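The values are calculated or read from the model by the stated rules, or taken from the named source; none is laboratory data. Just so you know, these numbers come straight off a predicted model, no measurement behind them. Here the Cβ positions follow ideal geometry from the backbone for every residue, glycine too, while neighbour counts run over all protein chains shown. When the accessible area is computed, the model is the full protein with side chains, heavy atoms only, and any ligands, DNA or RNA have been set aside. Shrake-Rupley method; radii C 1.70, N 1.55, O 1.52, S 1.80 Å.
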Amino acid sequence: MKKRLTRKQRKLIFVWGMLALPLLQWLIFFVYVNINSILMAFQSLNLDTGKVTWTLNNFKRFFYEWRELDELKGAVKNSIFAGVNDVLLILVSLLLSYFLYKKIPGRNLFRVIYFLPSVISIVIYTMVFKFMFDTSVGPVNILLEKIGVENLPGWFGDTNLAFPLILLYCLWVGTGYNILIFSAAMEGLPEDVLEYSRLEGVGRMRELFQIIVPMIWPTLAVAFLGSVKVIFTLFIQVELLTEGGPAGSTTTIAYLINSIIKGTNNNLEWGATMGLCFTILATPIIIFLKKFLDKTGERFGC
């Protein structure tokens, strides 16, 4: 007689069956890919013979080009500006979230307007944003022309304006998501504390920075940590808006690594080396920032 499975056994089979696919994806696309990338950083491929040799020359090349290659220096500079811009994005989102939290008229409509860029495909928004600043038919230049501006800007074709426009785009698109997160954190605050502050005559800016910010600090701390991630991962906006920009003026760390990998030589080993080196550089920065944010949270009583 065939033995029936117990309820516990059926439950275990169901749970592991549901976990099997995501676990397999994690093993292949995270564990395997990252281990393979680390190993590739210590390899050199001879394109003529197809022979792979183990070497440290890739790391020597990285530190040499760090001093000599202007493109790498420019990518690092742009990436740092992107991280600072993300901090500005957090502060702007915090202020907007606070004004929406104060129940201004039409606040739900404003939430929808701010959040729309986070819902619609990034490809669509980059196309719209790029069209706005098109030098031939873009509405921005048409408006400037109508008000009498003679020397119209080149926008994405100008080495001095292309990357600031990308940062402006990030502010425009990224605000909505942060507002959603910060507003949700504010909505969960105890009303009696805020009511007491109002009875004491606390002003709005003091209420925001001395009462609300300490109470939602864990949410803000996560957002600030994300700003470091932006330094090393900003890529898709650069790719869609400028493809590296005029004369490489909008190249970031992530875009530079991607362009090396997709280049004519498909230099995967060199791209893997750069990725590993920047990961090593980013790790102490993230650890230090996390400890600093944790210490600040302790002073706030979080």
Margin query: From the helices alone, meaning DSSP H stretches of at least four residues, give me the mean residue ellipticity at 222 nm for the chain, per-run term -39500 (n - 2.57), in deg cm²/dmol to the nearest 500.
Written below: -22500 deg cm²/dmol
Next item on the list: Give me the percent of the accessible area of the stretch 190-258 that comes from carbon and sulfur atoms, probe 1.4 Å, all protein chains in place.
Entry: 60 percent
Item checked: Per-peptide average of other Cβ atoms within 10 Å, ordering 155-168, 124-137 highest first -> 155-168, 124-137
Next item on the list: List the aspartates and glutamates whose Cα lies under 18 Å from the Cα of Lys77, skipping any in the same chain that are fewer than 8 positions away.
Entry: Glu65, Glu68, Asp86, Asp158, Glu239, Glu243
Checklist line | Zero-based 10 Å bins, Cα pair distances in the chain, whole percents | finding: 5, 19, 24, 23, 17, 9, 3, 1, 0, 0
Note to self: I'd like the distance between the alpha-carbon centres of the stretch 113-182 and the stretch 192-258, rounded to an integer number of Å.
What the structure shows: 19 Å
Item checked: Residue-normalised accessible area of the chain, given per residue in Å² at a 1.4 Å probe -> 63 Å²
Notebook entry, point to check: Classify the stretch 96-249: rounded, prolate or oblate, from the alpha-carbon gyration tensor (a ≥ b ≥ c, eigenvalue square roots; a/c under 1.5 rounded; otherwise prolate if a/b is larger than b/c)?
Noted result: prolate
Next item on the list: Kindly rank 269-279, 224-234 from highest to lowest mean number of other beta carbons found within 10 Å of each residue.
Entry: 269-279, 224-234
Margin query: Which one, Phe29, Phe182, Phe110, has the greatest fluctuation when you compute a Gaussian network model over the chain with C-alpha springs under 10 angstrom?
Written below: Phe29
Check: Given labels modelled 7 Å from the Cα in the Cβ direction, how far is it in nm from Asp48 to Thr135?
Finding: 4.4 nm
Next item on the list: Would you mind putting 82-91, 114-123 in packing order, based on average other-beta-carbon counts within 10 Å, highest first?
Entry: 82-91, 114-123
